[in-house]
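In what follows, a structure is listed as structure tokens, so that the remarks can point back to it.
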Amino acid sequence: MLARGDLFTDSKLCLLAIELKKSVALLMIRWALQRGHTVIPKYLRSERIKENAYVFDFNLNVEQMQILDGQDQGFSCCPDPLEITV
């Protein structure tokens, strides 16, 4: 299993990023959006804000989604709202 930081250098994701002319980070955001997840990217630099605006100008096909599905580690930084009891 890859550590979160290793995803940015994973050979499959890097090749896909080159193919689509997008960053690995943008591929991961697009994957999450296509899966129906809410995504709130962390911004440290203004150029990343500009780059993330281009997450809506492409879609991942079934094969590309499967590549990213294989990298899913189930990482979450907050509780699943469906599992919260009130």
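Listing for the model above:
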read-out: Selection within the range 33-65 - modelled with pLDDT of 90 or more, surrounded by 13 or more Cβ atoms within 10 Å (Cβ to Cβ) and in a helix (DSSP H, G or I); value: Leu33, Gln34, Tyr54, Val55, Gln64, Met65
read-out: Failed condition for Ile29, given (1) open to solvent by 100 Å² or more (accessible area, probe 1.4 Å); (2) modelled with pLDDT of 90 or more; value: (1)
read-out: Hits in the range 6-63 - residues which are under 28 Å from Pro81 (Cβ atoms), small (Gly, Ala, Ser) and under 11 Å from the mean Cα position of the chain (by Cα); value: Ala25, Ala32
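The values are calculated or read from the model by the stated rules, or taken from the named source; none is laboratory data. None of the values given here were measured: they were computed from a predicted structure. Note that each Cβ is placed from the backbone with ideal geometry, even for glycine, and that neighbours are counted across all protein chains shown. For the accessible areas, the whole protein counts, side chains as well, though only heavy atoms, and no ligand, DNA or RNA atoms are used. Shrake-Rupley method; radii C 1.70, N 1.55, O 1.52, S 1.80 Å.
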